[in-house]
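Quick notes on the structure that follows.
The values are calculated or read from the model by the stated rules, or taken from the named source; none is laboratory data. The model shown is predicted, which means the values in this text are computed figures rather than measured ones. Every residue, glycine as well, gets a Cβ built from its backbone with ideal geometry; the counts of neighbours run over all protein chains shown.
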Amino acid sequence: MSTVTSIESSKVVLSASSDSEGFHAPGPADFNLPPFLETSVIDVTKPMLMFALSAFAIALFFWAAARKSAVVPGRLQFAGELVYDIVRNSIARNSIGSEKFLAFVPLLFSFFTIILVNNYIGLIPFIQFPTFSQFSFAVALAVVAWLVYIGAGMKVHGVFGYFKYQCVPAGVTGPVLFLIVPLEFLSAIIVRPVTLCLRLFANMFAGHLLLMLFALGGTYLMFEATSPLNVAAGFASFLLFFMISVLELLVMFLQAYVFTLLASMYIGEAVAESH
């Protein structure tokens, strides 16, 4: 009977969460932050300020890391060189090729660092909002990557030559081209930037939403619920919150790496002499 009573009481608490005074589950609306500074030109929001401050912080860090460069690097110089080496050699050179990669390293380095820093901002107390959980920021970076690899491909192959290079596979002739060409155009020109921004946005959005759900849900269950079963569930929710936070550390790095890697692969394919 005690078990049945406990279950029934938990049902009462959970049903109360649907009331106006109960638990309000976080959702997409919580990502639409109101502007804290309204001007006649633009309304400044928290993500906009975070993005601008992160760019300043990145520039300041690498300026400090390179200011007193030495053959035997200090800790700051070593950290800066490590990040730069990941982008320059592990990503750009391997994807684009040793002959053409240098021109694209600054862009790819900017992609990697700006995404990495803005992702990890989402775990800082009292800030806790990954910038790229807002779709417009991911779209902006994807559009820049798209314009660069399209422009680089046109510079190498010419405007019409580039579209022929991307849409007409070598050695394919005949009526099958009526099927192949639209599919290749859709895949190489249209779908790539869409998947590039969706991958970054969706991972940051879903991860932050999960953290909000377990943190707020755990708080509600522990401090608002009367059932011991719900309090125990609140502790379990907080445990999951910390476990997901650790997982998010890896996901945030991987999203910066994957976005930069895919952008470099698209550039490398665009500037290659042949498929």
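Below are the figures for this structure:
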read-out: Candidate set: the range 172-197, residues that are under 36 Å from the mean Cα position of the chain (by Cα) and of a type in the set (S, T, N, Q); chosen: the one nearest to Leu141 (Cα to Cα); value: Thr195
read-out: Filter pass, Ser40 being of a type in the set (S, T, N, Q), within 30 Å of Ala270 (Cβ to Cβ) and out of contact with any Cys (no Cβ under 7 Å at 6 or more places or on another chain); value: no
read-out: For Val72: the one exception among (1) modelled with pLDDT under 80; (2) among the β-branched types (Val, Ile, Thr); (3) part of a helix (DSSP H, G or I); value: (3)
read-out: First in the range 136-153 and in a helix (DSSP H, G or I), second anywhere and among the small types (Gly, Ala, Ser), Cβ under 6 Å, 6 or more apart; value: Ala145/Ala263; Tyr149/Ala270; Ala152/Ala270; Gly153/Ala270
read-out: Residue match in the range 160-182 (condition: farther than 23 Å from Ala92 by Cβ, outside any helix (DSSP H, G or I) and modelled with pLDDT of 90 or more); value: no
read-out: Selection from the range 233-265 of residues that are hydroxyl-bearing (Ser, Thr, Tyr) and either at pLDDT below 90 or under 13 Å from Arg199 (Cβ atoms) (or both); value: Ser237, Ser245, Tyr257, Thr260
read-out: Residue list for the range 8-47, restricted to those being modelled with pLDDT of 50 or more and either touching a Pro at 6+ places or on another chain (Cβ under 8 Å) or outside any loop (DSSP other than H, G, I, E, B) (or both); value: Pro28, Ala29, Asp30, Phe31, Leu33, Leu37, Glu38, Asp43, Val44, Thr45, Lys46, Pro47
read-out: Single residue of Val156, Val181 found to be surrounded by fewer than 16 Cβ atoms within 10 Å (Cβ to Cβ) and touching a helix residue (DSSP H, G or I) at 6+ places or on another chain (Cβ under 6 Å); value: Val156
